[in-house]
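**Student:** First, the structure itself, so that you have it in front of you.
The values are calculated or read from the model by the stated rules, or taken from the named source; none is laboratory data. What you see is a predicted model, and the numbers here were worked out from it, not measured in a lab. Quick reminder, even Gly has a Cβ in these numbers, built from the backbone with ideal geometry, and neighbours come from all protein chains shown. Quick note on the areas: whole protein, heavy atoms, side chains included, nothing else; ligands and nucleic acids left out. Shrake-Rupley method; radii C 1.70, N 1.55, O 1.52, S 1.80 Å.
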Amino acid sequence: MLKNILKISLIGLFFISCSETDEQVVDLIPAETPVVNDPDLTSMEIKLSVNKTSGNIFDSFVFKLEQKNQSSYFGDLDQHLDSLVFKISDIKETKRLFEKMDNGNVGTTQFNHNFYLPGNYNASILGYKSGKIIYKDDINLKVSDTKDFLVTNWDNFSVNTPTGYYNALGKNSLVFYNDFENGNPYIFVSNSWDNMNSYTADQIKTMDKDFLYNYFVKMYSTPQYSEANTPNLKDIYVQNFKKSLKNDIPVNIWITPKSKIALVKEYSAYNPSQFYGYRIIAEPNK
């Protein structure tokens, strides 16, 4: 299986920390609640910064926690906060940046995030004390979708090793593999799940299918062809795609102005009874 035998380069797993805090947590208080910043924290000039405020989906946005006294981040914070989290508007999960603990403070001061969907976002840090938000700083961001297919412009296509794009608030990374078959470019898109040992093989396959389908529906709407409405789906694939299926079986097909996209069941090329899971095949629509 391709994603098990090729090395994955993960874009976005870059952070500087005192300890591990990059777990996802859920807001204790709705983010839209008005926040009156604690004056002591305001005087510390705690800020959320980012390397850019606009970019494309799958670009690397590098977030950094800053304060006036850069040499004593967590020693100062624990006098005023129980925890500090990173949040993006309209996303339920948050990322813990700082937590006050009995045996010592833990925190992260810098990390990457890759947006999977275009839109206007508000990224913020929220400081908690006794279950209440007492501090907030935020940045507005614009994320666009300007390429032919997610991270790729077909006219500037090149082969790459599998490359993962990390979503700091998610539980998985999307992994892209670019190659040619008979001179024709194609891309495989699959999932790399966090804590894979926590799931069974069947659970991972179901998670792959659900995540990929729902993500591509958000990006490209309902597929024109699917198992439910197209009895000859494999014939539709063969008529439209140059990439061979081998033993893979198409489940859904999207035809967009710039790309042809198929969600397929992935099988061994040498053993058609060996079912690996689900992945995306994409190629230019020309």
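**Student:** If you take the residues in segment 227-286 that are touching a residue at least 40 places away in the same chain (Cβ under 8 Å) and small (G, A, S), which one is nearest to W154 (Cα to Cα)?
**Tutor:** Per the criteria, the residue is S259.
**Student:** Ok, one more. Suppose we filter S268, S259 for residues that are open to solvent by less than 20 Å² (accessible area, probe 1.4 Å) and over 25 Å from the mean Cα position of the chain (by Cα); which single one remains?
**Tutor:** Step by step, each of S268, S259 is checked, and only S268 is open to solvent by less than 20 Å² (accessible area, probe 1.4 Å) and over 25 Å from the mean Cα position of the chain (by Cα).
**Student:** Which one is farthest from the chain's Cα centre (by Cα), of the residues in segment 40-60 that are assigned to a strand (DSSP E or B) and farther than 13 Å from V143 by Cα?
**Tutor:** Only one residue tops the list, namely K47.
**Student:** For segment 118-151, enumerate the residues that are outside any strand (DSSP E or B), open to solvent by 60 Å² or more (accessible area, probe 1.4 Å) and more than 30 Å from I280 (Cβ to Cβ).
**Tutor:** S130
**Student:** Just to be sure I understand the filter: pairs with C-beta atoms under 6 Å, separated by 6 or more residues or on different chains, first member in segment 137-158 and within 17 Å of K258 (Cα to Cα), second member of a type in the set (K, R) and surrounded by fewer than 17 Cβ atoms within 10 Å (Cβ to Cβ). Which pairs pass?
**Tutor:** So the pair list comes out as D148/K258; N153/K147.
**Student:** Scan (1) aliphatic (A, V, I, L, M); (2) part of a loop (DSSP other than H, G, I, E, B); (3) open to solvent by 20 Å² or more (accessible area, probe 1.4 Å) for the single condition L169 breaks and write down its number.
**Tutor:** For L169, the failing item is (3).
**Student:** Hey, does segment 30-39 have a residue that's among the hydroxyl-bearing types (S, T, Y) and either at pLDDT below 85 or open to solvent by 80 Å² or more (accessible area, probe 1.4 Å) (or both)?
**Tutor:** yes
**Student:** Consider D155 carefully, then state whether it is at pLDDT below 90, surrounded by fewer than 19 Cβ atoms within 10 Å (Cβ to Cβ) and either out of contact with any Pro (no Cβ under 7 Å at 6 or more places or on another chain) or assigned to a strand (DSSP E or B) (or both).
**Tutor:** In short, no.
**Student:** It is to be established whether one or more residues within segment 160-178 are over 22 Å from L212 (Cα atoms) and modelled with pLDDT of 90 or more.
**Tutor:** no
**Student:** For segment 105-117, enumerate the residues that are open to solvent by 10 Å² or more (accessible area, probe 1.4 Å) and outside any strand (DSSP E or B).
**Tutor:** Across segment 105-117, the qualifying residues are N105, Y116, L117.
**Student:** Within the set of pairs 6+ apart or on separate chains, which have a first residue in segment 42-71 that is under 19 Å from L169 (Cα atoms), a second that is assigned to a loop (DSSP other than H, G, I, E, B) and acidic (D, E), and C-beta atoms under 8 Å apart?
**Tutor:** K52/D59; N56/D145; I57/D145
**Student:** Looking at segment 91-104, which of the residues that are surrounded by fewer than 20 Cβ atoms within 10 Å (Cβ to Cβ) and charged (D, E, K, R) is farthest from D76 (Cα to Cα)?
**Tutor:** Per the criteria, the residue is K92.
**Student:** If you go through segment 206-246 one residue at a time, how many are surrounded by fewer than 16 Cβ atoms within 10 Å (Cβ to Cβ) and among the aromatic types (F, W, Y)?
**Tutor:** Looking only at that region, the number is 1.
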